[in-house]
Amino acid sequence: MSADMAEDTPTARLMTLPGVYAPQHDTRLLMAALDREAVGPGAEVLDLGTGSGTLALHAARLGARVTAVDIAWRAVMTARLNALLSRRRITVQRSDLLSALPGRSYDLVICNPPYVPSPVGRLPERGASRAWEAGPDGRAVLDRVCRAAPAALRPGGRLLLVHSGLCDSEVTLRRLADAGLRARVSDRALVPMGPVLRSRLRWLRDTGLVGHGETMEELVVIRAEHP
């Protein structure tokens, strides 16, 4: 994770309330993947874990009808505020993944879930760290997305999912394949480790997730398609 942000990007014009995940490297990597999809008028897009609403609003700019959800009320309010400021119409709801959307399906699901491995097994129930803490292997939320997302995809629908290489992209590919999706890594990027990873570097090294001397984090975008 990184806090730097180019001023000429769409993310630079959005507000992020305290305690809400601010757009970073992973946001921009997922946005670039989104730009390659056939998203336009009539497409229905779901943004799981919308945070500030950056990706949802970008999909709306492309012409899609967008539903954005987040488990945190503060993120919901932030996304709604940014929709007003951007003069874009998106539907923003509080939901734990798909819990508030029974039976709904979409042409595209995008997701930037919490994925940072943590020495603390229990996930936080409130606060900013809820946006990144993801259990000892970083997969506490990621595996839930792999199980839930296929049910939200229409035939031919696609999932775009970003996470750290520390979470093992091969596991993600297997889980999605087991759920009936055709999945592959579509994008990779090396970025400097952010403050959260640096704060637990000793633990990450002790567990073998990070090698000694490593200072970069690999981010991956997984693209999966419903047959």
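The values are calculated or read from the model by the stated rules, or taken from the named source; none is laboratory data. Since the structure is predicted, the reported quantities are computational estimates derived from the model, not experimental observations. Virtual Cβ from ideal backbone geometry, glycine too; neighbours counted across all protein chains shown. Remember, those area values only see protein heavy atoms, side chains included, never the ligands or the DNA or RNA. Shrake-Rupley method; radii C 1.70, N 1.55, O 1.52, S 1.80 Å.
Which is over 23 Å from Val66 (Cα atoms) and open to solvent by 30 Å² or more (accessible area, probe 1.4 Å), of Arg154, Arg182, Arg147?
One residue alone meets the criteria, Arg182.
In region 185-195, what residues are open to solvent by less than 70 Å² (accessible area, probe 1.4 Å) and within 30 Å of Leu153 (Cα to Cα)?
Listed by number, the residues that qualify are Val185, Ser186, Asp187, Ala189.
Give me the pairs, please: first residue somewhere in region 115-131 and under 24 Å from Ile222 (Cβ atoms), second residue anywhere and open to solvent by 40 Å² or more (accessible area, probe 1.4 Å) and not in a loop (DSSP other than H, G, I, E, B), beta-carbon distance under 8 Å, and either six or more positions apart or on two chains.
Leu123/Arg130
Has region 201-222 got any residue that is of a type in the set (A, V, I, L, M), free of Cβ contacts under 8 Å to residues at least 12 places away in the same chain, open to solvent by 10 Å² or more (accessible area, probe 1.4 Å) and part of a helix (DSSP H, G or I)?
yes
Tell me which residues, restricted to region 98-133, are assigned to a loop (DSSP other than H, G, I, E, B), at pLDDT 95 or above and within 15 Å of Gly51 (Cβ to Cβ).
Selection gives Asn112, Pro113, Pro114, Tyr115.
Every residue in region 145-184 that is part of a strand (DSSP E or B) and among the aliphatic types (A, V, I, L, M), please.
Result: Leu153, Leu159, Leu160, Leu161, Val162, Ala183.
Select from region 19-51 the residues that are farther than 22 Å from Ser95 by Cβ, over 13 Å from the mean Cα position of the chain (by Cα) and part of a loop (DSSP other than H, G, I, E, B) and list them in ascending order.
Hits for region 19-51 are Arg36, Glu37, Ala38, Gly40, Pro41, Gly42.
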